Amino acid sequence: MEVNQRYSSCGYYPAGMDREPVSSSLLRSVGYDLDQQLLEVELQDGKIYRYADVPEQTYQGLIEADSLGRYFNQHIRGLSYSRVK
């Protein structure tokens, strides 16, 4: 998945990341930019968060997990993030 602009270390986050719907009681959709290692998640309540420096294997683990919510809580929730919406 691509983003319209590149993430930079100054705290700027790109807009327009594509997310795919997922089947989860916690998450509504998930997007990932491989080049920037940037993960974007939309929660069921409509809040959107972007996580920087997320390795591809963490993203793959999330989308392949039996429970996306459990994986998210154990491996991603504690990472540095920015609230988008």
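The values are calculated or read from the model by the stated rules, or taken from the named source; none is laboratory data. The structure displayed is predicted, hence computed values, not measured ones. FYI the Cβ positions are ideal-geometry reconstructions off the backbone, even for glycines, and counts take in every protein chain you see.
Can Ala65 be described as under 16 Å from Glu20 (Cα atoms), surrounded by 12 or more Cβ atoms within 10 Å (Cβ to Cβ) and either small (Gly, Ala, Ser) or free of Cβ contacts under 8 Å to residues at least 24 places away in the same chain (or both)? Against the criterion (under 16 Å from Glu20 (Cα atoms), surrounded by 12 or more Cβ atoms within 10 Å (Cβ to Cβ) and either small (Gly, Ala, Ser) or free of Cβ contacts under 8 Å to residues at least 24 places away in the same chain (or both)), Ala65 qualifies. Which numbered condition trips up Arg6, out of (1) within 12 Å of the chain's Cα centre (by Cα); (2) at pLDDT below 95? If we test Arg6 against (1) within 12 Å of the chain's Cα centre (by Cα); (2) at pLDDT below 95, just (1) comes out false.
Filtered by the rule that a residue be under 11 Å from the mean Cα position of the chain (by Cα) and not polar (S, T, N, Q), the stretch 57-82 gives Tyr59, Leu62, Ile63, Phe72, Ile76, Arg77, Leu79, Tyr81.
Could you pull out the residue among Tyr32, Tyr49 that is touching a residue at least 24 places away in the same chain (Cβ under 8 Å), crowded, with 21+ Cβ neighbours inside 10 Å and under 12 Å from the mean Cα position of the chain (by Cα)?
Numbers: Tyr49 fails: crowded, with 21+ Cβ neighbours inside 10 Å.
Being touching a residue at least 24 places away in the same chain (Cβ under 8 Å), crowded, with 21+ Cβ neighbours inside 10 Å and under 12 Å from the mean Cα position of the chain (by Cα) holds for just one of Tyr32, Tyr49, which is Tyr32.
Taking the conditions exactly as written (among the aliphatic types (A, V, I, L, M), over 20 Å from Ser23 (Cα atoms) and either surrounded by 14 or more Cβ atoms within 10 Å (Cβ to Cβ) or touching a residue at least 24 places away in the same chain (Cβ under 8 Å) (or both)), does Leu38 satisfy them or not? Yes; evaluated as a whole, the condition is true for this residue.
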